[in-house]
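Enquirer: One structure follows; several queries about it will come next.
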Ligand code: GLY
């Protein structure tokens, strides 16, 4: 069945868009990996573009328009559901401790949306503020909504409008063909629709090479002990990045940290301690209120801190992500603009400022190159020419990047650069690993790497070859990231981690590898560790957040083929991340064998570079990888102890 519009992401943005689409006559379906982890529920619900001092003019417009829609929008949702969203135009008070940096020129003291209150006035206006506060700004047009109540209301509205929400179903990969999305792969199968909307917040980067990262926020909640018919605090207090948000039912939310720690969950004492200290200094009576709850969430942040909204490089794909600190605030305007775009083909000029292409340093878009079916990957050509539904393969997805080729190659050991270029081409590979140290030291063949390959089409996988310890490998990984940036791959955070103290067998150090992997994951790298075929180590590396594991078939450059089959099988069976077999493959039959076992990909260098005719061998490896993968997908016939005639005897004449 082909759906009308498939919305990937069931947070506030996905739900709001679904509602607007439905009201315009479309039939949206939502898939949501886990509603509970959406930033929606973590947010304090501030609607505060003035207090947050949004300075980008287009963003300011977007935020102001959204804030002005809020009352009507929440009323509409409340009427649909009979629930309360807690919308409250309560204003924001931003106290200051000293005038330095806080006081604008006198002509700008009071503008239409903010007013300066001096010490006496501010303390009169709001009793209980910290004694050191000498004045502050009053932002009357800002306000709040109870984001958890809003989340419930949106879910209920979606239900009452008959919109299907498939909760617990995440998108695993997006399938594209000739600039159209042709399906979304999920754990329960392929979903197909006429149009697709990506509203996956901080997780957007897992599906597309969009520069969206998580920025963690921790928060906590206390409750006033006074009678709530006369709340002690009737407005939001906001200072720096700390805010105190009172709810009408007596809860007070205190937020929020702002951390670059990837998707590390949980609350940490150090951040909670800091929030409490800052909160208490602004509003000391907080210290006596009962502490009720802590939580954390992930804001989706882009490099310019602005959202990614509107059309994409596929005709039938729309982006609505990267709302950073303003997802709750921007829900009404985002849903209105995106629904108009999809249903009425009406693109508000404001959307131009938030187009994903502002981040594209590579042209044509590396993403469409990486997912294009018009490349030298024979599997996809075969698939296109025959019965696609029966043999369509899912693409290889590593740390959110989608690759149609499952063969990776390297740049080492070639006789000359031209030969290496031909081989990369013939191999059909989209990922080439490069030894950062060899580039640094201008080892022959690595002097002109920038020009040698087309880095708009090839994804660089910097490796830490030559590093004997975890410390060295970490340092080289950072250099590798810079190297990829210099070549125009701004968002390339991949590193092939090699920690190899032993120069005779070149076997990796499991302890050093695990230690370095853990640290690099925390630093935001997509780590692809080279390991011995050790199932326990593979599991530990997966647990610390590695993007793949790269077990060896036999020692590097030995060409001994598959010597680790039994362990490799266990690794493949247990891995939830791609298994890329690296090292030891000597011939195409071995490459095919490893793929038939169910490896997700292969890395082959020496077997190509050291053959008599490297370009021919590169092509043979390309075909073998594809054949092995196709055979794995097709399913091998069972082995039998006895013969079974190919032509059955039933129905023959005696
Ligand atoms: N809008 C407040 C925050 O993101 O912390």
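Computed from the coordinates by the stated procedures, all read-outs in this text should not be read as laboratory data. The model shown is predicted, which means the values in this text are computed figures rather than measured ones. Here the Cβ positions follow ideal geometry from the backbone for every residue, glycine too, while neighbour counts run over all protein chains shown.
Enquirer: Specify the angular offset, from 0 to 90 degrees and rounded to the nearest 10, of the alpha carbon long axis of helix 614-634 from the longest principal axis of the alpha carbons in the chain.
Expert: Approximately 70 degrees, to the nearest 10.
Enquirer: Taking the inverse of the average 1/r across all pairs of different Cα atoms in the range 271-314, what Kirkwood radius in Å do you get?
Expert: Taking the inverse mean of 1/r over all distinct Cα pairs, the range 271-314 comes out at 14.2 Å.
Enquirer: Now a separate question. Which three extents, in whole angstrom, do the alpha-carbon atoms of the range 165-245 cover along their principal axes, largest first?
Expert: 61, 28, 20
Enquirer: Sticking with this structure for a sec: More than 23 angstrom separation, counting every C-alpha pair in the range 1-94; what % is that? Please list the in-between numbers first.
Expert: Values: 1630 of 4371 pairs.
Distances greater than 23 Å cover 37 percent of the Cα pairs.
Enquirer: So, one more: For a footprinting-style exposure proxy, rank 646, 160, 147, 633 by other Cβ within 10 Å, fewest first. Working shown, then result.
Expert: Working: 646 5, 160 13, 147 26, 633 16.
Ascending number of Cβ neighbours within 10 Å: 646, 160, 633, 147.
Enquirer: Continuing with the same structure: Evaluated at 4 °C with a viscosity of 1.567 mPa s, what Stokes-Einstein diffusion coefficient in µm²/s does the range 153-196 have when Rh comes from the Kirkwood expression over alpha-carbon pairs?
Expert: 108
Enquirer: Under 25 °C and 0.890 mPa s, how fast does the range 283-341 diffuse according to Stokes-Einstein, given a Kirkwood radius computed over C-alpha pairs? Answer in µm²/s, whole number.
Expert: Translational D for this selection: 172 µm²/s.
Enquirer: Dimensions of the range 467-596 along principal axes (Cα, Å, largest first)?
Expert: Taking the Cα atoms of the range 467-596, the three principal extents are 37, 28, 27 Å.
Enquirer: In Å and whole numbers, how far do the C-alpha atoms of the range 189-339 stretch along each principal axis, longest first?
Expert: Here the Cα extents, ordered largest to smallest, are 56, 33, 32 Å.
Enquirer: For the chain, how big is Rg over Rh, using alpha carbon atoms and the Kirkwood form of Rh?
Expert: For the chain, the value is 1.04.
Enquirer: Any idea what the relative contact order of the range 68-210 is, in percent, if you count C-alpha pairs under 8 Å spaced at least 6 apart?
Expert: Computed over the range 68-210, the figure is 23 percent.
Enquirer: If one takes the longest principal axis of the Cα atoms in the chain, at what angle in degrees, from 0 to 90 and to the nearest 10, does the Cα axis of helix 269-282 lie?
Expert: So the helix axis and the longest Cα principal axis differ by about 20 degrees.
Enquirer: May I ask you to sort 266, 123 by Cβ crowding, counting other Cβ atoms within 10 Å and putting the fewest first?
Expert: By the 10 Å Cβ count, ascending: 266, 123.
Enquirer: Please list the three semi-axes, largest first and in whole Å, of the ellipsoid equivalent to the range 121-265, using sqrt of 5 times the eigenvalues of its alpha carbon gyration tensor.
Expert: Values for the range 121-265, descending: 42, 20, 14 Å.
Enquirer: Oh, and also: How much of the DSSP beta bridge set in the range 148-289 is antiparallel, as a percent to the nearest 5?
Expert: Working: 22 of 22 bridges.
Restricted to the range 148-289, the bridges split so that about 100 percent are antiparallel.
Enquirer: Could I ask something else about it? So what is the orientation-averaged projected area of the range 510-576, using the convex hull of its C-alpha atoms, in nm²? The partial results should precede the final answer.
Expert: Working: hull surface 17.5 nm².
Mean shadow area of the hull around the Cα atoms is 4.4 nm².
Enquirer: Taking the DSSP beta bridges in the chain as the whole, what percent of them are antiparallel, to the nearest 5?
Expert: Counting DSSP beta bridges with both partners in the chain, the antiparallel share is about 55 percent.
Enquirer: Once the Cα gyration tensor of the range 554-654 is found, what semi-axes does its equivalent ellipsoid get, as square roots of 5 times the eigenvalues, in whole Å, sorted largest first? Show your work: numbers first, answer last.
Expert: Details: eigenvalues 207, 66, 29 Å².
Equivalent ellipsoid semi-axes, largest first: 32, 18, 12 Å.
Enquirer: Remind me, relative contact order of the chain in percent, using alpha carbon pairs under 8 angstrom and six or more residues apart?
Expert: Computed value for the chain: 12 percent relative contact order.
Enquirer: Over the range 218-306, what number does the Rg to Rh ratio reach, with both radii from the alpha-carbon atoms and Rh per Kirkwood?
Expert: 1.00
Enquirer: Please give the helix 12-23 orientation as an angle from the longest Cα principal axis of the chain, in degrees from 0 to 90, rounded to the nearest 10.
Expert: 90
Enquirer: Further, regarding this structure: Å³ per residue of the Cα convex hull, for the range 492-545?
Expert: Convex hull volume per residue, Cα atoms: 70 Å³.
Enquirer: Further, regarding this structure: Just want the ordering: 342, 54, from fewest to most Cβ atoms lying within 10 Å of their own Cβ.
Expert: Ranked by crowding around the Cβ, least crowded first: 54, 342.
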